[in-house]
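This report refers to the structure that appears directly beneath it.
The values are calculated or read from the model by the stated rules, or taken from the named source; none is laboratory data. Note that the structure is a prediction, hence the values are computed from the model and not measured. Every residue, glycine as well, gets a Cβ built from its backbone with ideal geometry; the counts of neighbours run over all protein chains shown. Areas reflect the complete protein model, heavy atoms only, side chains present, ligands, DNA and RNA absent. Shrake-Rupley method; radii C 1.70, N 1.55, O 1.52, S 1.80 Å.
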Amino acid sequence: MREIIATNKAGPPAGAYSQAVKVGNLVFTAGMGPNDPSTGKLVHADDIYKQTIRTLENLQAALEAAGTSLEHAVRCGVFIHDIGEWLTFNEAYRSFFSRFDAPPPARTTISVGGFPEGMTVEIDVIAVVPD
C-alpha cells in the first residue's frame, strides 16, 4: 500500500530514508533542507530567507512527483536553527505560500541545534493528493 516517491528535482536523501511516501491519498515527505537538487550541496549558507525558499521548492518537487503540491499541504513541521530568525523565516514561508489559491497548512515551528554548518532550516510536509 506504500508507494515510495523519488525525484531528482529535489535534494537527494542524505541518509537511509525516502524523499516521500504515498499512502492512499496522503503524501508524507522526509525533512528536507536547502540543497541544490543537481549537486546535493547546501545553498545560500546562513541565509534563512533564501534557504526557506529553496527548501520549499525541493518539497514542491517531491510532492509533484507524488501527484500533489504544497497547495494541498495540510501540515508542515519546521525546524529552524535560531528562533531569533523566526520573522525572516515566516516572511519567506508566507511569500512562497501566497502563490497558491489556498490558505497555508497547519504548522509547527521549533528552534533546534545541530544542523550542518550553514544550514538554517528543515521542513517536512503532509499533503493530500486531490481527486
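Only one entry in LEU42, LEU26, LEU63, LEU59 is under 30 Å from MET1 (Cα atoms), open to solvent by less than 70 Å² (accessible area, probe 1.4 Å), more than 12 Å from the chain's Cα centre (by Cα) and in contact (Cβ under 8 Å) with a residue 60 or more places away in the chain, namely LEU26.
Has the stretch 27-41 got any residue that is of a type in the set (D, E, K, R) and farther than 18 Å from ILE126 by Cα? Looking for residues that are of a type in the set (D, E, K, R) and farther than 18 Å from ILE126 by Cα, one finds at least one in the stretch 27-41, hence yes.
For the stretch 71-92, taking the residues that are closer than 26 Å to ASN25 by Cβ and surrounded by fewer than 16 Cβ atoms within 10 Å (Cβ to Cβ), the one that is nearest to the chain's Cα centre (by Cα) is identified as ARG75. When each of LYS9, LYS50, LYS22 is tested for being assigned to a strand (DSSP E or B) and modelled with pLDDT of 95 or more, the lone residue that passes is LYS22.
Taken as a whole, the stretch 92-107 holds no residue that is within 21 Å of SER18 (Cβ to Cβ), in a helix (DSSP H, G or I) and touching a Pro at 6+ places or on another chain (Cβ under 7 Å).
GLY15 meets the stated requirement of being under 27 Å from VAL129 (Cβ atoms) and either touching a Cys at 6+ places or on another chain (Cβ under 9 Å) or open to solvent by 20 Å² or more (accessible area, probe 1.4 Å) (or both).
In the stretch 1-12, the residue that is surrounded by the fewest Cβ atoms within 10 Å (Cβ to Cβ) out of those that are of a type in the set (A, V, I, L, M) and without any contact (Cβ under 8 Å) to a residue 40 or more places away in the chain is MET1.
For the stretch 20-41, indicate whether the set of residues that are aromatic (Phe, Trp, Tyr) and either over 19 Å from ASP131 (Cα atoms) or touching a Phe, Trp or Tyr at 6+ places or on another chain (Cβ under 7 Å) (or both) is non-empty. No: zero hits.
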